[in-house]
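Shown next, in structure tokens, is the structure this report addresses.
The values are calculated or read from the model by the stated rules, or taken from the named source; none is laboratory data. Just so we're clear, the structure is a prediction, and the values are computed from it rather than from any experiment. Heads up, the Cβs are rebuilt from the backbone with ideal geometry, glycines too, and the neighbour counts pull from every protein chain shown. For the accessible areas, the whole protein counts, side chains as well, though only heavy atoms, and no ligand, DNA or RNA atoms are used. Shrake-Rupley method; radii C 1.70, N 1.55, O 1.52, S 1.80 Å.
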Amino acid sequence: MVPMSQERRVAVVTGGARGIGVEVCRQLSDAGLDVWCTARSLDDAEAVAGQLGVRAAALDVTDRASVEALAARLARVDVVVNDAAIDYDTDQRAVDADLDRVQRALSTNLLGAWRVAQAFAPHLRASGHGRLVNVSSAAGQISGMGSGAPGYRLSKLALNGLTQLLAGELRAAGVLVNAVCPGWVATDMGGAGGRPVTDGARSILWACLLPDDGPTGGFFRDGRPLPW
Ligand code: NDP
């Protein structure tokens with residue numbers, strides 16, 4: 001039997017069938033990992049996975065049963081990318097925001113990522129070289145809150161805090177947990193004019209492929225630290 005460290009590492013990507021997530025799946029596969037492209041719709045995941053030559057699974061980060069079912073189904077996971085997110089609410093202001101809408105953003109962007117981290121933590125611990133990458137945003141920097149997009153900004157601010165907590169709690173097991181901003185990327189969420197998904201995904205890959213002595217509990221873009 002091949003020792004675990006010599007087998008192909010396994011990666012799970014949430015929101016893998018659209019936007020930056022597709023390119024993250026592609027680049028992880030190109031790097032030699034065994035990739036699970038996941039999406040709310042199994043059909044969407046299968047369509048993208050078929051093109052990339054990776055595996056497909058249904059995963060809705062807001063649905064506990066869905067997340068736990070995939071974690072239970074997989075024998076090994078070394079890398080988890082929390083890419084899924086919704087609602088860059090630039091049309092809202094904190095002073096009169098629709099709090100039901102804010103709650104939905106928190107439910108996906110914060111609690112969804114948290115739920116995935118909890119479900120896959122046993123796998124990441126068992127890996128001995130686990131990597132958890134929370135795809136965050138400069139919009140969540142406390143040092144630059146500005147105004148507008150309150151649901152999105154606060155969901156990413158809290159995701160950054162969660163990143164630090166999980167990094168502290170998983171450090172002893174060799175799991176590196178980092179938040180990454182992909183930069184402004186031209187996707188459905190980012191709109192036209194941003195940089196290509198290849199660049200955004202590369203920023204995320206850096207944290208997926210860190211060596212064992214790499215950083216944990218940090219916030220990065222393109223491999224360089226960002227202020228919180
Ligand atoms: P897109 O809107 O293009 O894609 C969002 C992805 O999230 C889709 O795959 C979507 O799946 C998935 N998703 C949404 N809700 C759920 C859910 N409940 N369960 C599982 N998947 C879900 O966004 P981007 O690709 O642009 O963004 C990817 C990440 O990068 C996000 O975390 C975003 O906040 C971050 N980011 C993006 C920037 C940009 O400029 N684009 C800038 C900074 C950060 P479905 O197809 O089912 O809707």
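Picking from residues in region 118-132 that are out of contact with any Asp or Glu (no Cβ under 8 Å at 6 or more places or on another chain) and in contact (Cβ under 8 Å) with a residue 60 or more places away in the chain, the one that is surrounded by the fewest Cβ atoms within 10 Å (Cβ to Cβ) is GLY128.
Test ASP60 against the criterion of being in a helix (DSSP H, G or I) and either at negative phi or open to solvent by less than 20 Å² (accessible area, probe 1.4 Å) (or both), and give yes or no. Criteria not met by ASP60. Cβ-Cβ distances below 9 Å connect the following pairs, each with a first residue in region 13-29 that is outside any loop (DSSP other than H, G, I, E, B), a second residue that is near the ligand (Cβ under 9 Å from one of its atoms) and acidic (Asp, Glu), and a separation of six or more residues or different chains: VAL13/ASP83; ILE20/ASP83; GLY21/ASP83; VAL24/ASP83. How many residues does region 30-55 contain that are surrounded by fewer than 23 Cβ atoms within 10 Å (Cβ to Cβ) and either within 13 Å of the ligand (Cβ to nearest atom) or in a helix (DSSP H, G or I) (or both)? Matching residues across region 30-55 total 12.
When THR62, THR38 are checked against the criterion of being of a type in the set (Ser, Thr, Tyr) and in contact with a Leu (Cβ under 6 Å, 6 or more places away or on another chain), a single residue qualifies: THR38. From the list ARG18, ARG55, the one residue that fits, being over 14 Å from the mean Cα position of the chain (by Cα), of a type outside the set (S, T, N, Q) and at pLDDT 95 or above, is ARG55. The residue of region 1-15 that is nearest to the ligand (Cβ to nearest atom), among those that are of a type in the set (A, V, I, L, M) and modelled with pLDDT of 95 or more, is VAL13. Within region 128-146, if we keep just the residues that are in a helix (DSSP H, G or I) and within 18 Å of the chain's Cα centre (by Cα), the residue that is farthest from the ligand (Cβ to nearest atom) turns out to be GLY140. Looking at region 196-217, which of its residues are open to solvent by 10 Å² or more (accessible area, probe 1.4 Å) and either in a strand (DSSP E or B) or closer than 22 Å to ILE142 by Cβ (or both)? Across region 196-217, the qualifying residues are PRO215, THR216, GLY217.
Tell me whether region 156-172 contains one or more residues that are surrounded by 17 or more Cβ atoms within 10 Å (Cβ to Cβ), farther than 16 Å from PHE219 by Cα and touching a residue at least 40 places away in the same chain (Cβ under 8 Å). Checked against the condition, which is being surrounded by 17 or more Cβ atoms within 10 Å (Cβ to Cβ), farther than 16 Å from PHE219 by Cα and touching a residue at least 40 places away in the same chain (Cβ under 8 Å), region 156-172 yields at least one hit. For region 77-91, the condition of being within 15 Å of the ligand (Cβ to nearest atom) and part of a helix (DSSP H, G or I) holds for none of the residues. Every listed requirement among (1) closer than 13 Å to TYR88 by Cα; (2) without any contact (Cβ under 8 Å) to a residue 60 or more places away in the chain is met by ASP188 save one, (2). Pairs linking a residue in region 53-71 that is without any contact (Cβ under 8 Å) to a residue 12 or more places away in the chain and more than 10 Å from CYS37 (Cα to Cα) to a residue that is within 13 Å of the ligand (Cβ to nearest atom) and of a type outside the set (Val, Ile, Thr), with Cβ atoms under 8 Å and 6 or more positions apart or on different chains, are SER66/ALA58; SER66/LEU59; SER66/ASP60. When only residues in region 173-195 that are assigned to a loop (DSSP other than H, G, I, E, B) and more than 6 Å from the ligand (Cβ to nearest atom) count, which is nearest to ALA17 (Cα to Cα)? Going through the qualifying residues, I end up with ALA186. Residues of region 147-172 that are farther than 20 Å from ILE86 by Cα and within 15 Å of the ligand (Cβ to nearest atom): none at all.
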